[in-house]
Amino acid sequence: KATLAIVACAAMCATLGANIYNPAIQQIQDELHATSQDISLSLSVFIIVQGTTPLIWSAISEVKGRKLVYLASIALFSAACVVGGLSKQIGLLIGMRILQASGASAVLSIGAATLADIFEPRERGTMMGIYYAAPLLGPSLGPLLGGALTQVWSWRATFYFLAAFGVPLWISFALFKDTFREERSLSYQSALRRLALRQLEKTSRQGTSGQQTPMVGHEHEKRPSPLNNVVDIELAAAKVAQSQTSADVRLSLMDVNPFPPLWKILKRKNNLAILFPSGLLFAFAYSISYTCSKTLFVAPYHYNALKVGLVLLSFGIGSMAGSILGGRWSDRMLVRMKAANGGKSYPEMRLESTKLCMFLLPPSVIAYAWMAQKHVHIAGLVVALFFSGFASIWIYASTLAYIVDANNGRSSTAVATNSFFRGTAGFIAAEVAVPLQTAIGDGGLYTVWAGLCVLLDLMILLVIWRGEGWRRAAEAKERR
């Protein structure tokens with residue numbers, strides 16, 4: 001439980017870092033003489049970097065363990081916050097936002113992998129729900145904290161607050177017992193095997209280097225080499241690998257190259273079919289929190305940053321409730337279906353729990369769309385935001401647990417790939433949400449989003465129907 005609490009709090013670095021910055025934007029623009037394009041870049045680059053760098057962090061964690069990555073990433077995050085707070089040029093600030101996002105992103109990928117290390121599938125959904133509930137507070141608490149810090153001190157205080165937030169986290173991870181299991185990591189076993197093969201090749205070269213060149217006219221007789229037979233190579237490498245420990249493994253470019261494990265995740269149809277809905281859910285959450293602020297800043301509401309944060313808190317509370325209850329319900333459904341299936345389970349069973357909120361999400365989004373368009377009383381928006389957050393994260397909690405369960409041995413890479421899809425989708429949402437809101441209004445924008453929610457529901461249903469067959473076929477192909 002202590003590990004869960006530490007990892008969940010650390011995951012807040014990413015969402016707080018992204019949102020605490022927003023109320024200070026005008027002050028930053030005035031003080032650093034930045035253009036609106038500079039500010040837009042500082043926002044969007046944070047999201048795309050946060051989505052892509054977990055692929056590298058996860059590759060390292062699958063070979064050298066989780067603790068090293070936690071310590072390095074939190075240190076990078078805190079250092080970038082300090083330098084960002086001292087920045088006097090917008091270019092340096094954007095650079096520090098990139099490093100900030102890089103450091104904060106690690107926990108989003110390997111945090112779920114850490115929970116997969118220590119919790120069994122029957123309780124994994126509940127733990128994933130609790131883990132993801134903490135960072136969901138970021139989009140709601142971020143604007144509140146950012147607005148208060150900026151108003152009392154200055155925009156620099158937001159960066160110093162994040163740096164101070166990272167210090168106790170770093171100390172906690174310094175005392176943290178690594179949960180990494182070498183025997184479960186396919187990437188670690190692959191690195192170990194490559195090391196063993198290199199040792200065998202070196203031994204083979206040393207053993208044959210003293211051979212004399214045969215005389216002309218005599219038949220060349222080859223001495224048997226341990227590397228002449230493929231089966232011998234495999235057996236010898238396995239024996240050598242068994243004698244190695246994690247201290248013997250040295251990182252190489254091959255070991256930290258994220259693309260081979262990424263490709264193995266993307267080759268599976270069931271993974272692709274669930275990663276797209278996951279990305280859409282994140283893009284929706286980012287879009288609605290971003291555009292809602294613009295809606296509430298203008299007539300007839302004229303809310304300040306603090307009041308906007310309080311309204312968006314309803315979306316955050318709904319999301320937290322959906323994450324915790326949705327994760328718990330997915331575990332209950334998994335246990336129930338396993339019992340009905342003669343004690344045998346498979347990952348796709350977990351997705352059955354998403355059906356409960358599939359029918360709630362599109363109507364909630366439509367309700368928000370037209371209440372925002374018609375500027376109804378704020379109570380209507382608060383209710384619509386709550387149920388939109390509740391339904392979207394209820395579904396997401398189960399899809400995240402499924403991504404971990406369906407990629408045994410590659411959980412960190414799978415979650416990092418999920419972060420990549422989320423980051424890319426969030427980046428696109430950041431770029432197109434406001435122009436679309438300006439062109440077709442909240443009603444048109446979120447009617448489109450309601451249609452996309454129907455599409456993601458259908459894709460999840462497709463995985464429930466065909467996912468098991470796709471996954472087993474991919475696993476059999478990989479074994480061959």
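Conditions tested, residue by residue: (1) over 25 Å from Leu306 (Cα atoms); (2) in contact (Cβ under 8 Å) with a residue 40 or more places away in the chain.
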position	(1), (2)
Ala5	yes, no
Ala11	no, yes
Ala14	no, yes
Gly17	no, yes
Asn22	no, yes
Ala34	no, yes
Leu43	no, yes
Val49	yes, yes
* Ala5 being closer than 23 Å to Ala174 by Cβ and surrounded by fewer than 18 Cβ atoms within 10 Å (Cβ to Cβ) -> yes
* Under 6 Å between Cβ atoms, at least 6 apart or on separate chains: pull out the pairs that start in the range 465-480 with a residue that is over 16 Å from Arg410 (Cα atoms) and end on any residue that is open to solvent by 70 Å² or more (accessible area, probe 1.4 Å). => Trp470/Lys269
* Does Ser412 satisfy the criteria of being surrounded by 23 or more Cβ atoms within 10 Å (Cβ to Cβ), small (Gly, Ala, Ser) and farther than 24 Å from Leu43 by Cβ? -> yes
* Kindly indicate which of Phe297, Phe359, Phe282 is closer than 20 Å to Ala425 by Cα and open to solvent by 20 Å² or more (accessible area, probe 1.4 Å). => Phe282
* Would you mind finding the one in Trp470, Trp465 that is buried (at least 17 other Cβ atoms within 10 Å of the Cβ), within 28 Å of Asn270 (Cα to Cα) and not hydroxyl-bearing (Ser, Thr, Tyr)? => Trp470
* Residues Glu62, Glu31: which one is over 16 Å from Tyr160 (Cα atoms) and open to solvent by 20 Å² or more (accessible area, probe 1.4 Å)? -> Glu31
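Filter the range 300-312 down to the residues that are of a type in the set (A, V, I, L, M) and either buried (at least 20 other Cβ atoms within 10 Å of the Cβ) or within 20 Å of Ser419 (Cβ to Cβ) (or both) and list them by number.
The answer is Ala305, Val308, Val311, Leu312.
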* Structure fact -> Among the residues of the range 436-462, the number that are open to solvent by less than 60 Å² (accessible area, probe 1.4 Å) and either over 23 Å from Ile393 (Cβ atoms) or β-branched (Val, Ile, Thr) (or both) is 5
* Members of the range 149-169 found to be surrounded by 17 or more Cβ atoms within 10 Å (Cβ to Cβ) and of a type in the set (A, V, I, L, M, F, W, C), listed by number -> Leu149, Trp155, Ala157, Phe159, Phe161, Leu162, Ala163, Phe165, Leu169
* Of the numbered conditions (1) closer than 30 Å to Ser44 by Cα; (2) open to solvent by 10 Å² or more (accessible area, probe 1.4 Å), Ala397 fails exactly one; give the number of that condition. => (2)
* Limited to the range 20-51, what total is found for residues that are at pLDDT 80 or above and of a type in the set (Ser, Thr, Tyr)? -> 2
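The values are calculated or read from the model by the stated rules, or taken from the named source; none is laboratory data. Predicted model only: the values in this text are computed from it and were never measured. In this analysis, Cβ positions are derived from the backbone assuming ideal geometry, glycine residues included, and neighbour counts consider all displayed protein chains. The protein model used for the area step is the full one, side chains on, heavy atoms only, and it has no ligands, DNA or RNA in it. Shrake-Rupley method; radii C 1.70, N 1.55, O 1.52, S 1.80 Å.
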